Structures are given as structure tokens and as C-alpha cells.
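To keep things clear, I will list the structure first and then write my remarks on it.
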Amino acid sequence: MHTPLDLTYLAMQQNEAEAPAFYARFLEAELFLLLESEMVQDEAQPLVIETSDGALVLVFDLEERMAAFSDTPSDYIALSGRRIARMLAGKGVGIGLNLGEAPSAMVLPVEAVDWLAEAAMGEDEAVEAKPLEISKPVGVPEALIQALDGKLANMGGVVGAAHLVSVRYEGGEAGHMLALVNVPEAAKTGVSEALSEALRFSGVEAGQLDLAFLAADDAHLKRFERAGLGFEIPELVLPKAPAPLAPGMDPNKPPILR
């Protein structure tokens, strides 16, 4: 069975232009990071191995792959690729991804890890200025539309609706704006980060897409709905209740590297 990371990696091998899609998938994916020892509260010490490619931590996109690689049971933690890249930024450590028999087995060198961490750090601010003109989006690169569509498809239950428009501000400045409806305050930062990544990986220079967070009863929303390109956002299907967290573990804080 090929995982989404396998498929995007194989596509990248066939065509270098597919590299942004692979790296975007890596940041979104839930990955299993091997640990040196059991977590203590919210501190995690990743297992670091020395190889001919330098120091590496080991991550896998399937527990089965992790178990096949390690001869003995090991402690691990599940984190998004985004959080793993941020944890390792500036540490001088690369990532061994799915090492073993997986199609996506590869080494991300230190330079790639730092680049991914920087890409994941970006965060667009919600636009406070009101555009003077809102119109049908024109001149939007197809790569950006596809990237936004991929991100928004995973935001069911967080983003109520999304509309992409062309805008013109006071002073004549023009650009594009993505209006996001009914995003909870606590989720705005994460949504901004994810959409910022979509902008980078689409090849469009930063600053060419503004974000606006609107309530469903906002008086301006009708203008966005009439003129905008809407994105399909699947309804959230609630999963079964998760297992209790380990004692002392804060779900809102990433583990701390020692």
C-alpha cells in the first residue's frame, strides 16, 4: 500500500516540479518520531543516530514501518511534519524518513530541515484594511488554487467557507484576498500558517495573497460570495474519543528538545 507521502515522493522523482507538493505533504502528515527514552511530562528526547549522511532523527508515516525498522520496541511520539521541522530547526540534525523498504525512504539533510522549518514558521496576518473593490479573481496561478484547495480540504469543522477574490485598496494597490468564514479565534494562527505554506509551495511570491477572517453575519460577506471562487470544504466527521493523554502532557505544547 502506498501512502500519500509515497505517492508525492514518487511523483517528485519523476518530475522535479512536484517537489513542492511533496514537502507540503510532509509538513501536513502525521509522523512517528522515535525517542531516545520515555517522555517526561512534555519533554521528548529524539533518538539521534550517526550515519554517513550525518546525525539523523528517524520518522515514519506508518507504525508498521517504524516497527519493521526497529528490532526492539522503542518509545515514540506522533507529531505533524511541521512540528518536527520546527523542533529540529538550527539543531544540526537531519531527518531519516521511512528508512527501510518504503518507496519514500529518504534522508532530508540539515539544510532541507531548516528550510522546511522556516517555511512552516511563516504566518500571514488577517487584513484589517477594507478593500474598496471586490471582484471575480483574475490572474490567479493554477498552482496556487490547487495548493489552497488541498489545504482547505483538511479544514472541515474549522473553516466554514472560503472565497477567493481580486481586490483593490485605497491608493490603487491591487491583489488577491481569501475570505475565511467562521474560523474560531484559537484556530486562526494555525489556519494562517497552513495557508501561508500553500502560498510558498505554489511558487507565488509572498505578499500576493491577503487573508480576511469574517463572521457568517458580516455585512461584507455577500460581496465575497457573489464575486469569489468558492472552495469545497468537507464537513467534519467526528472521530471516536481518543485515548487519555499521558499524565502531565500538554496537548497544546510541542515536546521540548533537550
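In the set 133, 118, 123, which member is touching a strand residue (DSSP E or B) at 6+ places or on another chain (Cβ under 6 Å) and at pLDDT below 90?
Numbers: 118 fails: touching a strand residue (DSSP E or B) at 6+ places or on another chain (Cβ under 6 Å); 123 fails: touching a strand residue (DSSP E or B) at 6+ places or on another chain (Cβ under 6 Å).
Testing whether each residue is touching a strand residue (DSSP E or B) at 6+ places or on another chain (Cβ under 6 Å) and at pLDDT below 90 leaves just 133.
Among the residues of the range 187-233, which ones are part of a helix (DSSP H, G or I), at pLDDT 85 or above and more than 20 Å from residue 140 (Cα to Cα)?
Hits for the range 187-233 are 187, 188, 191, 221, 222.
Applying the selection to the range 1-27, what residues are touching a residue at least 12 places away in the same chain (Cβ under 8 Å), in a helix (DSSP H, G or I) and surrounded by fewer than 17 Cβ atoms within 10 Å (Cβ to Cβ)? So that I can check it myself, show each step before the final result.
Kept after step one, since they are touching a residue at least 12 places away in the same chain (Cβ under 8 Å), are these residues of the range 1-27: 2-6, 8-10, 20-27.
Checking the rest, the ones that are also in a helix (DSSP H, G or I) come to 4-6, 8-10, 20-27.
Those that are touching a residue at least 12 places away in the same chain (Cβ under 8 Å), in a helix (DSSP H, G or I) and surrounded by fewer than 17 Cβ atoms within 10 Å (Cβ to Cβ): 4, 10.
Please list, ordered by first then second residue, the pairs with beta carbon atoms under 6 Å, 6 or more apart or interchain, first in the range 130-158 and more than 19 Å from residue 200 (Cβ to Cβ), second part of a loop (DSSP other than H, G, I, E, B).
131/169; 132/170; 156/233; 156/234; 156/235; 156/236; 157/236
Restricting the first residue to the range 64-85 and requiring it to be outside any loop (DSSP other than H, G, I, E, B), which pairs with a second residue that is among the β-branched types (Val, Ile, Thr) meet a Cβ separation below 7 Å and a spacing of at least six or different chains?
Note: pairs meeting the criteria are 84/59; 85/113.
Quick test for you: out of 37, 74, 80, pick the one residue that is surrounded by fewer than 19 Cβ atoms within 10 Å (Cβ to Cβ), under 17 Å from the mean Cα position of the chain (by Cα) and either farther than 30 Å from residue 191 by Cβ or polar (S, T, N, Q) (or both).
80
Quick one: how many residues across the range 142-171 are over 15 Å from the mean Cα position of the chain (by Cα), surrounded by fewer than 16 Cβ atoms within 10 Å (Cβ to Cβ) and not small (Gly, Ala, Ser)?
3
The values are calculated or read from the model by the stated rules, or taken from the named source; none is laboratory data. Remember, it's a predicted structure, so these values are computed and weren't measured experimentally. Cβ atoms come from the backbone with ideal geometry, glycine included; neighbour counts cover every protein chain shown.
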